[in-house]
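Encoded as structure tokens, the structure appears first; notes follow it.
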Amino acid sequence: MGVRLREPPETDGRAPWFVPPRLRTAEDPAAERHASWLELFFDLVFVVAITELSRLLVLDHSAGGFLRFAALFVPVFVAWQGYMAYATRFDTDDLGFRLAYFAAMLAIAAMAVLIDDVAHGVHTATFAVAYVALRSFMLALYGRAWIAVPEARPLIRFYGGGYGIGAAIWLASLAADTPYRYWLWGFAQVLELSLPPLSTRLHRRIPTSATHLPERWALFTLIVLGESVAGVAIQTADTTWRFESAAAAVLGFASVAAVWWLYYDRQASVALRGSTMSVVVYSYAHIPLLIGLAAMGAGVRLLIERAGADHLGTGPSVALLGGVVLFVLSLIVTRTVVVGGRHRRGVSLKLGGAAIILGLLAAETALPPVAVAAVLALVLVAVVAADRALMRSWQAAGSAVP
């Protein structure tokens, strides 16, 4: 699916600085839109966050390191999701909207550069303040929408109230010491993540458009994949040029390319039909999917770093191979709920590939890193080829597979 940027409305050069928000419903023709320049600019700040998260896992791939990596990924995800959902519902792209987004970008950048410190228990209060500021800008946007869109007030009350409570919990965490501060953060994140699943009935009463969501998720997924590509280049530059390192870099990139193919080759077939639980499932399945991709990116960097060792090691193998398995399983869920047709063969193919990769994970101590990378790349390329052939056969029959 190509990215088509939204064209600005034609004006006579006297466009007002402030335009009241309006609700983009499923029946509104204007809701059928594509990413704006501002949304793409907004996404760029998350490159820093994803890079820091991946770096965190490269430096600490112990069990505790994986837990900290996943735990810090969630607030980054929630931050992006909240602003993405608001823009999908109410975006007017006026001065107020742009200023709120610019301010949010600064708050997200502050969170991103603090990720490593927070993982080691330092500057946690500053991180919490940055998150509260981020949510405050979001609440200001919802306040504008409350005034301008009376028919959407039940929806605004639900999300604004939920985000407000979450921000209050983060603010209250400043009075607590670690590790209790982390528990309060976790409670606030669970609360905010529960809002979309609990609002399905409300969305049926106020049917906002969901057609914009697949493109936004695809763009964010591209950011995470892009970090993997950058990781290959950076790690190769930092490694003494040896055959093993070069081979690991090429094979690691081949695996990243195959993962890209699996996600985007079917993206044009994704169709979210209304704001129902399928939309929620599709969106939330991207949490483990993106965590898996970010872990894979860290795993590729560790693969290149340890290419000349006897074996890759447990932590790097879990990051690389476990990340791919998590991605594949999450991809099955996203495709099953949004792509029509029979799913058995497509699901079986991907599950088979995931099982082989898990077997490779179990056998990694007996294989050199380059051999692990070669088998992984071979399995992923085989899954891509088989999936492509299966798709063509189903398209010829007038159906589709996930």
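The values are calculated or read from the model by the stated rules, or taken from the named source; none is laboratory data. Just so it is clear, the structure is predicted and the values come from calculations on it, not from any experiment. Please note: Cβ atoms are built from the backbone with ideal geometry, for glycine as well, and neighbour counts cover all protein chains shown. Calculation scope for accessible area: heavy atoms of the full protein, side chains included, ligands and nucleic acids excluded. Shrake-Rupley method; radii C 1.70, N 1.55, O 1.52, S 1.80 Å.
Summary table
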| item | result |
| --- | --- |
| Difference of contour (0.36 nm per residue) and Cα-Cα distance, A71 to L191 | 41.7 nm |
| Accessible surface of the range 302-354 [probe 1.4 Å, protein heavy atoms]: carbon and sulfur percent | 57 percent |
| Highest to lowest packing among 181-189, 45-53, scored as the average C-beta count within 10 Å | 45-53, 181-189 |
| Whole-percent pair-distance distribution, where bins are 10 Å wide, for the alpha carbons of the range 123-203 | 18, 45, 26, 10, 0 |
| Spin-label pair A233/A355, simplified geometry with 7 Å Cα→Cβ offset, distance in nm | 3.9 nm |
| Distance (nanometres) between label positions extended 7 Å along Cα→Cβ at V281 and R388 | 2.9 nm |
| Spherically averaged projected area in nm², based on the convex hull that wraps the Cα atoms of the range 158-265 | 10.9 nm² |
| Residue-span extension gain [A148 to H343] - 0.36 nm each, minus C-alpha spacing | 65.8 nm |
| Protein accessible area in the range 104-215, 1.4 Å probe - carbon and sulfur % | 69 percent |
| Relative contact order [Cα under 8 Å, 6+ residues apart], the chain, whole percent | 17 percent |
| Gain on full stretching of the segment that runs from A172 to V250 - 0.36 nm per residue minus C-alpha separation | 23.2 nm |
| For the chain: accessible area per residue (Å², 1.4 Å) | 42 Å² |
| Listed residue (V259, V280, G359) projecting farthest to the positive dipole end of the chain, Cβ model | V280 |
| The chain: C-alpha gyration tensor shape, a/c 1.5 cut-off, then a/b vs b/c | oblate |
| Estimated FRET transfer efficiency (R242, A363; beta-carbon r; R0 30 Å; 0.05) | 0.80 |
| Kyte-Doolittle mean at least 1.6, axial Cα span of 18 Å or more - DSSP H helices of the chain | 37-59, 95-113, 323-338 |
